[in-house]
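The values are calculated or read from the model by the stated rules, or taken from the named source; none is laboratory data. Predicted model, so just to flag it, every value in this text is computed and none were measured. As a convention, Cβ positions derive from the backbone with ideal geometry for all residues, glycine included, and neighbour counts pool all protein chains shown. With ligands, DNA and RNA removed, areas are computed over all heavy atoms of the protein, side chains included. Shrake-Rupley method; radii C 1.70, N 1.55, O 1.52, S 1.80 Å.
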Amino acid sequence: KDGTLVNSTKGKFIGFPWEQEPIPGAIEALDRFMQDGWIACVCSNQDGIAAGHKSLESTFEEMLYCQELFPKIKEFYFCPDFQGLVCWRLWGTEDDERIKYDKDPVDYVISTAVAGQFRKPNPGMINLAIHIYIPEQVIYVGDMESDKEAAENAGVDFLWAEKWRNP
């Protein structure tokens, strides 16, 4: 999400939902992929929570605002801790449109398969999205080396965000 779809307007961490803006070319790139039948999900480390720069609730709001900016995105997955033990899955505005995957999971089979592996460069968030959607092909788009490593660790293709936005 950060650095691939949006940039912060106020510094490294997005403090308020509206402090993010689409990176030029991101909306168009997403539209191109969606026309070809792709499903878009976001997998994002959100270490600003663990570092004390923002709250879990403000991160939910941030993800929902990003979904307003990019309404074609199906779901958001994010890891709020440095250890990679927790992943939140969010797809709407209601409390029942979010699931927390951790040691006491809603879906034990999924969570135990990726437990402790949610934080990139580990593949947990990507594997979780793959398990839920069972796509024929996956491309992970990112702007950091840890994104590339997460894609490799999940066994999926990787595309640098700059190339994705500006083919």
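When the solvent-accessible area of the chain is split by element, carbon and sulfur atoms take up 51 percent of it, the probe being 1.4 Å.
The length gained on full extension between S146 and I132, counted as 0.36 nm times the residue separation minus their Cα-Cα distance, comes to 2.8 nm. Near N7, the amide H atoms lying under 5 Å from its own belong to E21, I23; only residues 5 or more places off or on other chains count, and H is placed 1.01 Å from N. Here the ratio of the Cα radius of gyration of the range 116-167 to 2.2 N^0.38 Å is 1.10. Mind checking which lysines have their Cα closer than 18 Å to the Cα of K1? Skip sequence neighbours fewer than 8 apart in that chain. Output for K1: K10, K12, K54, K72, K74, K120, K148, K163.
Stokes-Einstein diffusion for the range 5-95 at 20 °C, viscosity 1.002 mPa s, with a Kirkwood radius from C-alpha pairs, works out to 157 µm²/s.
Here the 3J(HN,Hα) profile of the range 61-77, calculated from phi with Karplus coefficients 6.51, -1.76 and 1.60 at θ = phi - 60°, is 4, 4, 5, 5, 5, 4, 5, 5, 5, 10, x, 7, 6, 6, 8, 10, 10 Hz, Gly and Pro shown as x. Taking amide H as placed 1.01 Å from N in the peptide plane, L159 has its amide H under 5 Å from the amide H of Y140, V141, G142, each at least 5 places away in sequence or on another chain.
Dimensions of the chain along the principal axes, based on C-alpha atoms and rounded to the nearest Å, stand at 41, 36, 30, largest first. Net charge in the neighbourhood of D95 (other residues with Cβ under 15 Å of its Cβ; Lys, Arg +1, Asp, Glu -1) is -2.
Kirkwood-based Rg over Rh for the range 6-58 (C-alpha set), two decimals? My calculation of the ratio gives 1.06. Using a probe of 1.4 angstrom and keeping all protein chains present, the accessible surface of the chain works out to 52 square angstrom per residue. Summary value for the chain: 19 percent relative contact order, contacts being C-alpha pairs under 8 angstrom separated by 6+ residues.
Each Lys or Arg adds one and each Asp or Glu subtracts one; over the other residues with Cβ under 10 Å from the Cβ of Y140, this totals -1.
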